[in-house]
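Peer 1: One structure follows; several queries about it will come next.
The values are calculated or read from the model by the stated rules, or taken from the named source; none is laboratory data. In this text the structure is predicted, and so the values were computed from the model without any measurement. Reconstructed Cβ throughout: ideal geometry from the backbone, glycine too, with neighbour counts over all protein chains shown. With ligands, DNA and RNA removed, areas are computed over all heavy atoms of the protein, side chains included. Shrake-Rupley method; radii C 1.70, N 1.55, O 1.52, S 1.80 Å.
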Amino acid sequence: MWIDTHCHLDAPEFSGSLPSIISAAKNKNVQAILLPAVKAADCQRVRSLAAEFGVELPGLVYTLGIHPLYTNQAHENDIAILEEQITQSLGDPRFVGIGEIGLDYFVEGLDPHKQEYFFNAQLDLAQQFQLPVILHVRRSQDAILKGLRRRNIPSGIAHAFNGSFQQAEQFIELGFKLGFGGAATYERALQIRRLLAELPIESIVTETDAPDIPPAWLREEGVAFNEPAFLPRIGRELASIRGLSDDEFALAVWRNAMQVLPRWSALCTGFANPKLAS
Ligand SMILES: [Zn+2]
């Protein structure tokens with residue numbers, strides 16, 4: 001069985017078709033999906049989506065946070081709203097951490113000071129509640145590592161990882177896993193494929209980032225956007241880059257994700273048998 005550690009099921013691309021998106025994922029043996037919130041105003045919606053579709057897909061979980069690309073429109077008060085939403089969610093077994101948070105120094109037009117304010121305030125919340133974090137890291141590896149080192153954060157995932165080996169090792173030292181997905185399916189993505197092939201297997205987790213980061217074959221096949229049902233095909237390509245069988249790879253990445261997200265692990269204990277990839 002497969003795990004998608006990063007999937008924006010609340011994106012407009014999926015509105016109206018979520019029941020079929022979820023059942024397609026389930027039919028492809030994607031048994032666990034993490035849905036990260038991107039805005040304080042979305043917290044309740046993300047929580048209720050997880051509750052509704054968790055009936056069909058018991059391994060569906062969510063995290064709450066303010067994404068760096070949404071910080072321009074965020075208000076200082078959003079941190080208080082987020083804290084309140086986190087407090088309310090602590091009793092919900094589908095709530096597993098803080099995210100998506102981070103810094104994006106690639107996209108133009110974002111105020112770096114605002115981004116840093118919201119990132120640091122949310123790291124403080126992660127420390128306060130002792131929750132893992134889902135990180136968006138784009139041209140910002142060193143600034144994010146610095147923020148993590150200043151605090152006692154109980155691990156998490158650096159999603160869509162695209163840094164150097166040295167930066168990867170620093171995240172791993174801090175107890176983080178690194179997310180890989182569709183970007184590694186492009187033959188020209190040499191650096192990402194090298195990271196995937198050479199980093200310790202214990203540090204790797206799988207993700208789609210659906211509806212974004214389309215795998216290489218999507219456009220050729222005329223598919224408009226990425227979805228969690230494509231995770232096994234992405235996972236098979238990642239496994240072959242890694243030189244592992246599908247089953248070995250699927251089992252390893254499942255365990256890795258559960259190791260850094262203990263609330264997710266607790267939820268899946270009882271129904272999940274990660275030994276079965278297919
Ligand atoms: Zn994301």
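Peer 1: To the nearest 500 deg cm²/dmol, what mean residue ellipticity at 222 nm is calculated for the chain from DSSP H runs of n ≥ 4 alone, each contributing -39,500 (n - 2.57), summed and divided by the residues?
Peer 2: -12500 deg cm²/dmol
Peer 1: Only Lys, Arg, Asp and Glu count, each charged at its Cβ (+1, +1, -1, -1), so figure out the dipole size of region 102-244 about its Cα centre, rounded to 20 debye.
Peer 2: 280
Peer 1: Among the GluC sites (Glu not before Pro) within region 148-230, which fall in a DSSP loop and have no more than 10 other Cβ atoms within 10 Å of their own Cβ?
Peer 2: Numbers: sites: Glu169, Glu173, Glu187, Glu198, Glu202, Glu207, Glu220, Glu221; in loops: Glu187, Glu207, Glu221.
Passing sites in region 148-230 are Glu187, Glu221.
Peer 1: Are there GluC sites (Glu not before Pro) in region 70-114 that DSSP puts in a loop and that have at most 16 other Cβ atoms within 10 Å, and which ones?
Peer 2: Answer by residue number: Glu76, Glu108.
Peer 1: What whole-number volume per residue, in cubic angstrom, does the convex hull of the C-alpha atoms of the chain give?
Peer 2: 119
Peer 1: What is the distance in Å between the Cα centres of region 199-256 and region 70-104?
Peer 2: Region 199-256 and region 70-104 have Cα centres spaced 27 Å from each other.
Peer 1: Follow-up question, since we're still on this one. Name the residues of region 31-62 whose amide N is less than 18 Å from a point 7 angstrom out from the Cα of Arg233 along the C-beta direction?
Peer 2: So the set is 31.
Peer 1: Tell me the relative contact order for region 25-171 as a rounded percent, counting alpha carbon contacts under 8 Å between residues six or more apart. Mind showing how you got there, number by number?
Peer 2: Details: 241 pairs, mean separation 30.5, N = 147.
Rounded, it is 21 percent for region 25-171.
Peer 1: While we're looking at this one, here's another question. As a test of reading the structure, rank Lys146, Lys177 by solvent-accessible area (1.4 Å probe, protein chains only), most first.
Peer 2: Largest to smallest exposure gives the sequence Lys146, Lys177.
Peer 1: So what is the accessible area of region 134-278 per residue, in Å², with the probe set to 1.4 Å?
Peer 2: Dividing the accessible area of region 134-278 by its residue count gives 45 Å².
Peer 1: Please identify every one of the chymotrypsin sites (Phe, Trp or Tyr not before Pro) in region 67-149 that sits in a loop by DSSP and has no more than 11 other beta carbons within 10 Å of its own beta carbon.
Peer 2: Loop-located and lightly packed - Phe106.
Peer 1: Which of Gln191, Gln259, Gln166 ends up with the largest GNM mean-square fluctuation for the chain, with Cα atoms connected below 10 Å?
Peer 2: Gln166
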